[in-house]
Structures are given as C-alpha cells and as structure tokens.
1. Check which residues have an amide H placed less than 5 Å from residue 55's amide H, if you skip close sequence neighbours.
2. Nearest 10 degrees is fine. How inclined is helix 119-142 to the longest principal axis of the chain, computing both from alpha carbons?
3. Relative contact order for region 45-185: what is it in percent, counting Cα pairs under 8 Å that are at least 6 residues apart?
4. Which FRET efficiency, nearest 0.05, do residue 167 and residue 42 yield, Cβ-Cβ r, R0 22 Å?
5. Give, as a single signed number, the net charge of other residues whose beta carbon lies under 13 Å from the beta carbon of residue 128, with Lys and Arg counted +1 and Asp and Glu -1.
6. Between 0 and 90 degrees, rounded to the nearest ten: what's the tilt of helix 86-105 against the longest Cα principal axis of the chain?
7. Find the centroid of the Cα atoms in region 129-207 and in region 1-79, then give the distance between the two in whole Å.
8. For the peptides 23-31, 7-15, what is the packing order when you average, over each peptide's residues, the other Cβ atoms within 10 Å and list the highest mean first?
Amino acid sequence: MLGSELTLNLVVLRFLAGLIIALVHGLALAATAVLLGDRGPRYDGRLTLNPLPHVDLLGLCAIMATGFGWGRPVAIEAAQLRPGRWGLVIAVLAGSAALLLVGYLLPLLVLPALSLLPYTAGLTVAAFLRVAARLCVWMALFSLLPLPPLAGAHLLAALGIRLPKLAGPLLGLALALLALLGVIRALLLPLYGLVAPLLLGPELAVG
C-alpha cells in the first residue's frame with residue numbers, strides 16, 4: 001500500500017492509522033520511562049490514551065503523504081532512569097515492540113470485521129486494519145533510526161551525543177523529503193521483508 005498511488009481514501013486511512021501509531025508509540029515510550037524511574041513523562045501528560053498529546057503535526061502530515069512519520073518526542077532524562085543511559089535504549093525498543101505487537105493484532109480483526117459488519121462498512125474497516133498493520137511495522141523500524149525527531153534520537157543520547165534543538169525540525173523536513181522520494185522505504189525494505197511476513201503473513205506484508 002505504501003507504494004500505491006496516493007488517493008484521498010489512502011490519505012484518510014493513513015491519518016487514522018497515524019493517530020493510533022502516535023498514541024501506541026508515545027504511550028509505550030512514556031510508560032517505559034516512568035517504570036524505569038523518570039517521572040517526567042507523567043508530568044508532561046504523556047501517560048494518556050488521548051492521541052492528541054502524542055501527535056506531531058509535521059509527523060502526521062508526513063505519514064499521510066508518504067507512509068512514514070513520527071509522533072511528538074517524549075522527553076526522557078537518562079539521569080533519572082535506574083539503568084542510566086541503557087534505559088533510553090530500553091524505552092526506544094519498547095516503543096517499537098509495542099507497534100509490532102499492534103501490527104500483529106490488527107490483522108486478527110479483519111475476519112470479524114468482514115463477518116459482523118455490514119458489507120461496505122466491513123470492507124472499509126478491513127482495509128483500514130490492513131493499512132494500519134503494515135504502517136505499524138514500517139514505523140516500528142523507521143522509529144529506530146537514530147535521528148531526531150524520531151524516537152531513535154534517544155539512542156544518540158545514550159551514547160552521549162547531543163544535537164542542537166534546531167536539528168529536530170530540519171531533519172524532520174529532510175526525512176519527509178527522503179520518504180517522499182522513496183529513499184526511506186528502499187532503506188528499510190530488506191528489514192521489513194524479514195519482519196513483516198512473520199507478523200502479518202506473506203500476503204498482507206506485501207505493500
């Protein structure tokens with residue numbers, strides 16, 4: 001689906017999926033950080049099921065246009081984490097793991113949706129579940145790239161590397177452009193080809 005012609009229907013499906021992805025990923029990062037000792041995400045309002053605090057506008061627009069985007073970064077203080085800087089690595093991996101889990105679960109709802117909902121509604125919901133599942137896997141991999149504004153930027157902090165605050169917006173625009181040109185997809189495709197069939201099945205993984 002990511003390689004398909006961009007249509008209004010696909011944009012809407014990506015928008016809805018983007019809200020879910022931002023919520024799941026942001027909440028997983030925040031909850032992991034809190035469990036490891038940093039109370040900051042709790043005070044920042046990131047321990048919520050409301051997707052809006054987790055959404056980054058540019059990141060959501062990017063996922064709607066290209067299939068790749070990001071949520072609002074979760075501020076984590078390594079000094080507050082019991083494992084120290086390793087806690088940042090754990091939090092980043094937890095965020096991706098949560099997306100992979102959701103990507104695995106969503107296709108399981110396709111058959112119930114087709115069976116229980118009216119015909120047109122069932123087809124629409126099933127299409128959304130398939131798009132969202134694939135996007136969850138793509139985003140789980142994409143977010144591991146060690147670049148702001150992605151969650152993987154915490155991996156740089158774990159190594160003691162600090163980038164200027166301006167780097168986030170500039171790199172965000174660069175990532176969106178690279179995604180639009182297909183560079184990000186080509187870069188991650190080999191890894192996606194290994195992970196997606198295991199979680200989604202060979203047929204659903206294609207797209």
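1. Residues meeting the criterion, in which the H sits 1.01 Å from N, are 72.
2. So the inclination is approximately 30 degrees.
3. 25 percent
4. Calculated value: 0.25.
5. Local charge sum for residue 128: +3.
6. With both axes taken from Cα atoms, the answer is about 10 degrees.
7. 12 Å
8. 23-31, 7-15
Every number in this text was worked out from the coordinates using simple rules, so none of it is lab data. Since we're looking at a predicted model, the values are computed, not measured. Positions of Cβ are generated from backbone atoms using ideal geometry, with glycine treated the same way; all protein chains shown enter the neighbour counts.
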